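Working notes, structure below.
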Amino acid sequence: MCRSTATDSRHPFAEDRRYCSPVDGPHHTFEPRLVLLTGASSVGKTSAGRALQSVTELPAIFIPGDDLDLPRHARSLERLRELPPHEANRLEAELDSAYLHGLNSFVQHGFHAIGELIFKEPARTATCLRVLTEIPHLLVLLQCDADVRRTRERLRNDRPLGLSDKTSDTARPSNVRFDLELDTSELTPQAVAEAIRRVLETETAAP
């Protein structure tokens, strides 16, 4: 349950429970962290993020990476395609940086923050790694069998076919050390979330 220190209805979150973990319980001894879920499209990052938000003892905030997708409709897409490649890559790197810093704001206020992204171009990966050095975090790589990914991609029907295969080629950069790797081929989102929670709460437990 999300508790407000203010009873005044003017408090910005007084009546808004959208960002609050429903978990309530005894006083926690866990350090707030950014949990960053990575992996190819359709490995289950968003489903795992939603499930994780509901099981952490420390209240958790989840902001899906899909909510930050660049526009893909008509005029916006046309304008984006007009950008030189180096400008388009810089734009996406700046968005990644802003996303991670925004999640860190919740960490600084005592929440676990859960985000998701796909490592793509080396420059964007370098930007993310640089920002993460400033933030207490748990970097999680989700993977699954290629046939399972493709089936999930077809069933979700909100991504162009082939995106999962395309993003799997860059999802595990050689210069990135992951704190946890999970195969989601036969795991439910709840099982993935529980596996992450165990590591998160064990690693951040106060002595």
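Computed from the coordinates by the stated procedures, all read-outs in this text should not be read as laboratory data. These numbers come from a predicted model, not from an experiment. Glycine also receives a Cβ, built like all others from the backbone with ideal geometry; neighbour counts cover every protein chain displayed.
Only Lys, Arg, Asp and Glu count, each charged at its Cβ (+1, +1, -1, -1), so figure out the dipole size of region 34-204 about its Cα centre, rounded to 20 debye.
I would put it at about 360 debye.
Putting +1 on Lys and Arg Cβ atoms and -1 on Asp and Glu Cβ atoms, find which of His112, Leu200, Gly44 reaches farthest to the positive end of the dipole of region 34-204.
After comparing all options, I get Gly44.
Find how much the distance from Phe178 to Thr133 grows on full extension, using 0.36 nm per residue of separation minus their present alpha carbon separation; answer in nm with one decimal.
14.9 nm
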